[in-house]
1. Would you please list the contacts, defined by Cβ atoms under 6 Å and residues six or more apart or on different chains, that run from a residue in segment A:323-336 that is touching a residue at least 60 places away in the same chain (Cβ under 8 Å) to a residue that is assigned to a loop (DSSP other than H, G, I, E, B) and hydroxyl-bearing (S, T, Y)?
2. State all residues of segment A:25-46 that are buried (at least 20 other Cβ atoms within 10 Å of the Cβ) and either within 18 Å of A:L117 (Cβ to Cβ) or hydroxyl-bearing (S, T, Y) (or both); if no residue qualifies, say none.
3. Please work out which one of (1) within 14 Å of chain B (Cβ to nearest Cβ); (2) in contact with a strand residue (DSSP E or B) (Cβ under 7 Å, 6 or more places away or on another chain) is the condition A:F445 fails and give its number.
4. Out of the helices (runs of 4 or more DSSP H) lying entirely within segment A:1-79, which hold 3 or more residues that are under 20 Å from A:L176 (Cα atoms) and of a type in the set (V, I, T)?
5. Can you tell me which condition A:I277 does not meet? The list is (1) crowded, with 17+ Cβ neighbours inside 10 Å; (2) in a helix (DSSP H, G or I); (3) more than 10 Å from chain B (Cβ to nearest Cβ), and all the others hold.
6. Under 28 Å from A:A94 (Cα atoms) and in contact (Cβ under 8 Å) with a residue 12 or more places away in the chain: which single residue out of B:A12, B:A76 fits that description?
7. Among the basic types (K, R) and within 24 Å of B:E6 (Cα to Cα): does that describe A:K384?
8. Restrict the check to segment A:116-123 and report whether at least one residue is under 14 Å from A:G177 (Cα atoms), modelled with pLDDT of 95 or more and touching a Phe, Trp or Tyr at 6+ places or on another chain (Cβ under 8 Å).
Amino acid sequence: MADLTAFSIQECITTLDQGNVSSVELTSAFLDRILQYEPQIHAFITLTPEKALEQAKEADQKRSALRKTGQDVPTLLGLPLAVKDVLCLAGTRATCGSKILENFVPPFNATAVQRLLDAGVVVLGKTNTDEFAMGSSTENSAYGVTHNPWDLSRVPGGSSGGSAAAAAAMFTPAALGTDTGGSVRQPASFCGVTGIKPTYGRVSRYGLIAYGSSLDSVGVLARSAEDAEVIFRLMAGFDERDATTIDVPVSSAVCKEDTPVKGLRIGVPKEYFIAGIQPAVEAAVRQAISAYESMGAEIVEISLPHTEYALPVYYLIAPAEASANLARYDGVRYGLRAEDGGMIDMFLQSRGKGFGSEVKRRIMLGTYALSAGYYDAYYGQAQKVRTLIKSDFECAFEQVDAIAAPVAPTTAFKIGGHGDDPLAMYLEDVFTLPANLAGVPGLAFPVGYDGDGLPIGMQLMGRHYDEATLFRLAHAYQMATDWYLRRPVL
Amino acid sequence: MTLSREEVEHIALLARLELSEEEKTRYQQQLSAILDHIAQLQALETSHIQPTSGVLPPSTRLRSDEPNEGLSREQALENAPDVENRQFRVPPVLE
């Protein structure tokens, strides 16, 4: 039989639908592969094979029952999926990569997860992440580092590094991720998979354990634009439980059609091709841009003049929001409690013991930026410069339909490569932060490999609510090239 | 921009984080370096710029004022470190 773990989502659905394979068989194929290679990769914090097989069995029974009565079968009935461990799945612990939530078992489902469960997915487990999604390498997880399937001595990127590695290693057809400053796109780039960070407000944040609430978005990592689009479209849409979700209709699937890109205008921002970028990365991205030109797209040189300020703005706004969001971990209602003394001691010790060093660093930074005497100079100024960054994109999208740029300045770096230098790590995010600050969608996908055989990613950024143009462009590229079909040898 | 050790201790207390002496030394250095990098924002003239707190147009959505099911008391207490009489139990606030 064909290797089921290599199937696209559409192939999985078709084969399930035709009755060639049951969900139990499909799920077992992925679980077997995980069993074999997970010790090298460590993509998961929590694996739930028994629950997955139970869900798969129910899916198979449901399919045959619905068939008998001639009813519609849910779109993804019986399809395995992995979920980043910052999203709540009722009854399975959600650690956020943190010791402080080691034993936290959410009593409800995140809306994004619920919609996919309603569509019939089977959850394989919860994937590794930098603690509270704060990081660019998955090295900040309290549950150990994830290894890049292309080179086990390298990081998978982060913070959705477990999801990216799981999709690349064919542990799952796709995995949910979240992106606050690049945490879907950068690991997608490092692991050679396709990742969508939707428009802010496109997918509900209900049940997503908060980091930076004005920036957080729920996305997906998959092995093609077509697969990513299937999952994205099911998650997207207004949710009464998240007041920041938007009521703009999600467009119909574009990846199925023959999608011409002729006439689309693609902007190339000069600020994203700077000194320090790895030559192979620049070359591959420029080559992909040329490929679009030969497909009939119009390439336009543009400028996003405030790009260089995105890093300082982000590292004020995100930590400020995090310092407020993470105040809830006080040892009272859930999470770790260290108790020795009175109430204040309990707060100090629970948080001191429960949080890892990057989380403490960002809480400290955010608390400082919001503290009396510094608020206007730091947080207030960052919010104003955020306006300038957002305006850069608004001006650009008057001229172009999408913006093409590298995802990260380099390919995957070595585990431990940044030592204990937080600023060097923050610079990894320099090309992904602006999309979050402006709230625009971004889609990352592989466009080549460097001399060490490591994947190189390009990102396309689009207008608010216009994920469809990004999918259309990425799908056209993937129909014309085969970089996205390369798989790591484990 | 260099943070003093006293400032680091003050921020840690505001944030309710107990730090070891080694952590205080490390954060003093690292936060100072990060704040140095961030200082480039001060160079931008922004007196006429409106701040952005969220990227979407602000809107207040209304719904009908009808009670609906939330978490049960048992569910809400499931993850609590300490419970007494179906309530969260905490250490003494006042001695």
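1. Hits for this filter: A:G335/A:Y329.
2. A:L26, A:T27, A:F30
3. (1)
4. Where helices (runs of 4 or more DSSP H) fall fully within segment A:1-79 and carry at least 3 residues being under 20 Å from A:L176 (Cα atoms) and of a type in the set (V, I, T), they are A:23-41.
5. (2)
6. Residue meeting the stated conditions: B:A12.
7. So A:K384 does not fit the description; no.
8. no
The values are calculated or read from the model by the stated rules, or taken from the named source; none is laboratory data. Predicted, not measured: the structure shown is a model, and the values here were computed from it. Glycine gets a Cβ as well: all are built from the backbone with ideal geometry, and neighbour counts include every protein chain shown.
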